[in-house]
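Derivation of every value follows stated rules applied to the coordinates shown; laboratory data play no part. Remember, predicted model here, so these are calculated numbers, not experimental data. Don't worry about glycine lacking a Cβ; one is built from the backbone with ideal geometry, like all the others, and counts go over all protein chains shown.
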Amino acid sequence: MPTIAVLGTLDSKGAEHAYLADCIRARGHEPLLINVGSLDEPTITPDISSAAVAAASGEDWQAILARQDRGECVALMARSAAKHVSGLVESGRIQGVVSLGGGGGTAICTAAMRALPVGFPKVMVSTLASGNTAPYVGTKDIVMIPAIVDVAGINRLSRVIFENAAGAICGMVEAAELRKQRPVSDRPLIVASMFGNTTTCVTEAKKLLEVAGYEVLVFAATGNGGRAMESLIESGMVAGVLDITTTEWADELLGGVLNAGPERLDATAKARVPAIVTPGCLDMVNFGEPQTVPAKYAGRTFYHHNPQVTLMRTSPEECAELGKIIAEKVNAYTAPVTVLLPLKAISVISAEGKAFHDPKADAALFTAIKTHLRVDIPVIEMDVEINDSAFATACAQALLENIAKMSR
């Protein structure tokens, strides 16, 4: 019988977690109540105490808890829960984790969930789930369910939310059990970065790499997607990187909403993974609705992708800076790498006759990349658009050649 960890601050939300545990038990699974509350005694009897969880940190947790500083206690329990729950997963004691929380509980329990592998079932019912969940989810597959009302008792609305959460985590655990019966693919992994404006290129290159015997995982270059891809590369599970869409650096440089942080492109160097890199979609910076565009960009060239997404064309000066950044990142690569430049367009909308067509900006980008790139790194320039079949083929072939060089 699968065991599901019911993780929560049982000093303030004991009855709610007890009800959640009952719902899980009614579905034929075994709940394991873990207390991560530290300011008062739990209102129900946990299976694992907060003291046992706190001890996992290896810190002087008794001194920290004795000070009764709420912020300090939440931070301690977040660190401790991450280590304790990870140990439960590694030992095979639990097959899923679920929690209910307000601000403190959400911070603690999602810290534990972020420490767990992608694919391990994790559900967080939270009063914060309808806002910016990025700090809580990170690059992991945490399902966050809005609590709607505060996690403060069992009532006609919270009962429905908690029952749905129990159903969700039980269903996920059952799906994970079924997955164990499937054969595991032994094909080596390649990761690829894609945007709507580079979909045709990535799709064609992906097909060619799959024919060559690889499994290709595609990540959306939307900030969180780039961070997730970097995390997977750094894990050592990846045999090659098809980095066709480096657009997140435009958002990082110019304040767009889809930035992946200054570490984007670093994992390939750290993990010494063969790669190809192209300046896909560095012609655009992503903002939200038109009124969200910073006033300093008034008068620039914009493209309204949809009512919620406004794209801004990067200028020649900005492209020169982006080219330098990309080159300097790639210069740190020690595994075989090739840079490919599609001279006619770096996105669908930068092609001739389209909204972002700007040969001067593209030329500044290409020149900066070539100027700052290490002389021993191959550069392939092609007089085609990025979504041309010939460019996709060149990307796939270059990556396969680089992987082959690595294995010699």
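Could you give the length gained on full extension between GLU177 and ASN132, defined as 0.36 nm per residue of separation minus the Cα-Cα distance, in nm?
Separation in residues times 0.36 nm, less the Cα-Cα distance, equals 13.1 nm.
Answer with one residue from GLY58, ILE4, GLN181: the one whose Cα lies farthest towards the positive end of the charge dipole of the chain, charges on Cβ with Lys, Arg +1 and Asp, Glu -1.
It is GLN181, whose Cα lies furthest towards the positive end.
Give me the net charge for the shell around ARG313: Cβ to Cβ below 13 angstrom, other residues only, Lys and Arg +1, Asp and Glu -1.
Summing Lys/Arg as +1 and Asp/Glu as -1 gives -2.
Can you give the calculated 222 nm mean residue ellipticity of the chain, where each DSSP H run of n ≥ 4 adds -39,500 (n - 2.57) and the sum is split over every residue, rounded to the nearest 500 deg cm²/dmol?
Taking each H run of at least 4 residues, the total per residue is -13000 deg cm²/dmol.
Specify the inter-centroid distance of the range 28-93 and the range 344-366, based on alpha-carbon positions, in whole Å.
54
I need two numbers for the range 189-407: Rg to one decimal and Dmax as a whole number, Cα atoms only, in Å.
Both quantities, over Cα of the range 189-407: 16.0, 51 Å.
With a cut-off of at most 13 other beta carbons within 10 Å, and DSSP calling the residue loop, which trypsin sites (Lys or Arg not before Pro) in the range 30-130 qualify? Please list them.
Within the range 30-130, the qualifying trypsin sites (Lys or Arg not before Pro) (loop, at most 13 other Cβ atoms within 10 Å) are ARG67, ARG93.
Could you tell me how many cubic angstrom of Cα convex hull volume the range 230-340 has per residue?
That works out to 102 Å³ per residue.
State the percent of C-alpha pairs, over all pairs in the chain, separated by a distance greater than 33 angstrom.
Pairs farther apart than 33 Å: 44 percent.
Out of residues 5 or more away from THR338 or on other chains, whose amide H comes under 5 Å of its own, with H placed 1.01 Å from N in the peptide plane?
ALA275, ILE276, VAL277
Could you tell me the relative contact order of the chain? Use alpha-carbon pairs under 8 Å, at least six residues apart, and round to a whole percent.
Dividing the mean separation by the residue count of the chain yields 11 percent.
First check a/c for the range 3-179, with a ≥ b ≥ c the square roots of the eigenvalues of its C-alpha gyration tensor; if it is under 1.5, answer rounded, and if not, answer prolate when a/b is larger than b/c or oblate otherwise.
Since a/c stays below 1.5, the shape of the range 3-179 is classed as rounded.
Kindly put TRP249, TRP61 in sequence by how many other C-beta atoms sit within 10 Å of each C-beta, fewest to most.
Ordered from fewest to most neighbouring Cβ atoms within 10 Å, TRP249, TRP61 come out as TRP61, TRP249.
Answer with one residue from THR106, THR371, ALA327: the one whose Cα lies farthest towards the positive end of the charge dipole of the chain, charges on Cβ with Lys, Arg +1 and Asp, Glu -1.
Towards the positive end, the residue furthest out is THR106.
Which trypsin sites (Lys or Arg not before Pro) from the range 174-223 combine a DSSP loop assignment with at most 11 other Cβ atoms within 10 Å?
LYS180
Report, in cubic angstrom per residue, the convex hull volume of the C-alpha atoms of the range 97-236.
129
Any idea what angle helix 14-26 forms with the longest principal axis of the chain, computed on alpha-carbon atoms, 0 to 90 degrees, nearest 10?
Around 80 degrees separate the two axes.
Among bridges DSSP assigns within the range 189-407, what percent are antiparallel (round to 5)?
30
Decide, for the range 313-408, between rounded, prolate and oblate: order the square roots of the alpha carbon gyration tensor eigenvalues as a ≥ b ≥ c, take rounded if a/c falls under 1.5, and otherwise choose prolate if a/b is larger than b/c, else oblate.
Note, shape of the range 313-408 comes out oblate.
For ALA298 and GLN62, what is the calculated FRET efficiency with R₀ set at 56 Å and r taken between the beta-carbons, to the nearest 0.05?
E between ALA298 and GLN62, to the nearest 0.05, is 0.45.
For the chain, find the longest principal axis of its Cα atoms and tell me its angle to the long axis of helix 359-372, 0 to 90°, nearest 10.
With both axes taken from Cα atoms, the answer is about 80 degrees.
For the range 243-282, what does the alpha-carbon gyration tensor say about shape, rounded, prolate or oblate, given a ≥ b ≥ c as the root eigenvalues, a/c under 1.5 as rounded, and a/b over b/c as prolate?
Cα axes put the range 243-282 in the oblate bin.
Show which lysines lie in cross-link reach of LYS140 when reach means a straight Cα distance below 18 angstrom and same-chain residues fewer than eight apart are skipped.
Cross-link targets: LYS83, LYS122.
LYS370: which aspartates and glutamates have alpha carbons under 14 Å from its alpha carbon, excluding same-chain residues fewer than 8 sequence positions away?
GLU321, GLU328, ASP362, GLU381
Using only Cα atoms, locate the centre of the range 259-286 and the centre of the range 206-232, then give the distance between them in Å, rounded to an integer.
Centre-to-centre (Cα) distance: 12 Å.
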